[in-house]
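Okay, so here's the structure we're looking at.
Readers should treat all values here as calculations from the given coordinates under stated rules, not as data from a laboratory. From a predicted model like this one, the values you see are computed outputs, not experimental measurements. Glycine also receives a Cβ, built like all others from the backbone with ideal geometry; neighbour counts cover every protein chain displayed.
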Amino acid sequence: MYQFNFAPVIHYLPKLLAGALLTLTISSVAIALGFALGVTCAVLRDNGPSPVRMLVSIYVEAVRNTPFLVQLFIVYFALPTVGIKLTAVEAGLVAMVANLGAYAAEIVRAGMEAVHRLQLEAGAALGMSRLQILRHVVLPPAIEAVYPSLTSQFILMMLASSLLSAISVGELTGVAQLLDSLTFRSFEIYAAVGVLYVLITLLMKAAFQGIGYASFKRWRRLRTGPAWSFAPLKPLRRLWTNGRDA
């Protein structure tokens, strides 16, 4: 009968935490850059010149219809053959940004298309330029409408960072594979890794919901919305409500 032994997990816990920190760091940078790339692509796909719209469409469709692991191998193994050499971490970051940018572009574009045409006409009637309409009339409500979908995609990208272990990046899964080969305690190691991924996910959910609550005035005015849907924030909601009612 299998004898559970979590002593190796405790012994190597600092290495696992270091891997979790690298996962969180790479994911945070990839999310910030991927979101910026996604918004840019969404705007260009709807408002750019015809050649630019075509190039953006090709990029989005190519990324969305190929596996992330293949994209990662292209960046890490194929690009050096044409003279572009990247470290494992750099290649992983580039692949994550490119992948997330394509998915974020389609999500943001869906939000932009949901903005009513009358709002655009009202902005034009006020003498606003196309750039001002895009910045002040289209993007804020569009991003607010799709923010829950964006945050879900961000978390999926963080979980997909586990594939970076395939190119020897020392993130959480990469560290787990190394420790498994050293200790032969597969169940204990990967159970601990699973718990760490859950904790990272909960941390990111709380952070994204806090950002959404701070960014969107309607959520603050109504004291509702996705920012209050996450269980760990419910005590904060009660404190906020009690303070306002006092």
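Can you find, within segment 72-93, the residue that is surrounded by the most Cβ atoms within 10 Å (Cβ to Cβ) among those that are within 18 Å of Val29 (Cα to Cα) and not aliphatic (A, V, I, L, M)? Among those residues, the one meeting the criterion is Gly92. Of all residues in segment 86-104, exactly one satisfies the criterion of being without any contact (Cβ under 8 Å) to a residue 60 or more places away in the chain and of a type in the set (S, T, N, Q), namely Thr87.
Okay, residues lined up against (1) closer than 20 Å to Ala36 by Cα; (2) of a type outside the set (Ser, Thr, Tyr); (3) without any contact (Cβ under 8 Å) to a residue 12 or more places away in the chain:
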{"site": "Gly127", "(1), (2), (3)": "no, yes, yes"}
{"site": "Arg135", "(1), (2), (3)": "yes, yes, yes"}
{"site": "Leu139", "(1), (2), (3)": "yes, yes, no"}
{"site": "Glu144", "(1), (2), (3)": "yes, yes, no"}
{"site": "Pro148", "(1), (2), (3)": "yes, yes, no"}
{"site": "Phe154", "(1), (2), (3)": "yes, yes, no"}
{"site": "Leu163", "(1), (2), (3)": "no, yes, no"}
{"site": "Ala166", "(1), (2), (3)": "no, yes, no"}
{"site": "Glu171", "(1), (2), (3)": "no, yes, no"}
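Of the residues making up segment 167-190, not a single one is under 21 Å from Ala114 (Cβ atoms), small (Gly, Ala, Ser), buried (at least 16 other Cβ atoms within 10 Å of the Cβ) and out of contact with any strand residue (DSSP E or B) (no Cβ under 6 Å at 6 or more places or on another chain). Within segment 1-51, the residues that satisfy the criterion of being closer than 30 Å to Phe184 by Cβ, assigned to a helix (DSSP H, G or I), polar (S, T, N, Q) and touching a residue at least 60 places away in the same chain (Cβ under 8 Å) are Thr23, Ser27. Among the residues of segment 52-85, those that are assigned to a loop (DSSP other than H, G, I, E, B), of a type outside the set (D, E, K, R) and over 22 Å from the mean Cα position of the chain (by Cα) comprise Gly83, Ile84.
So for segment 105-116 (the condition being out of contact with any helix residue (DSSP H, G or I) (no Cβ under 6 Å at 6 or more places or on another chain), farther than 30 Å from Pro141 by Cα, without any contact (Cβ under 8 Å) to a residue 40 or more places away in the chain and not basic (Lys, Arg)), does at least one residue qualify? No, every residue in segment 105-116 fails to be out of contact with any helix residue (DSSP H, G or I) (no Cβ under 6 Å at 6 or more places or on another chain), farther than 30 Å from Pro141 by Cα, without any contact (Cβ under 8 Å) to a residue 40 or more places away in the chain and not basic (Lys, Arg). Filtering Glu106, Glu90 for residues that are out of contact with any Lys or Arg (no Cβ under 9 Å at 6 or more places or on another chain), within 20 Å of Ala32 (Cα to Cα) and not β-branched (Val, Ile, Thr) leaves a single hit, Glu90.
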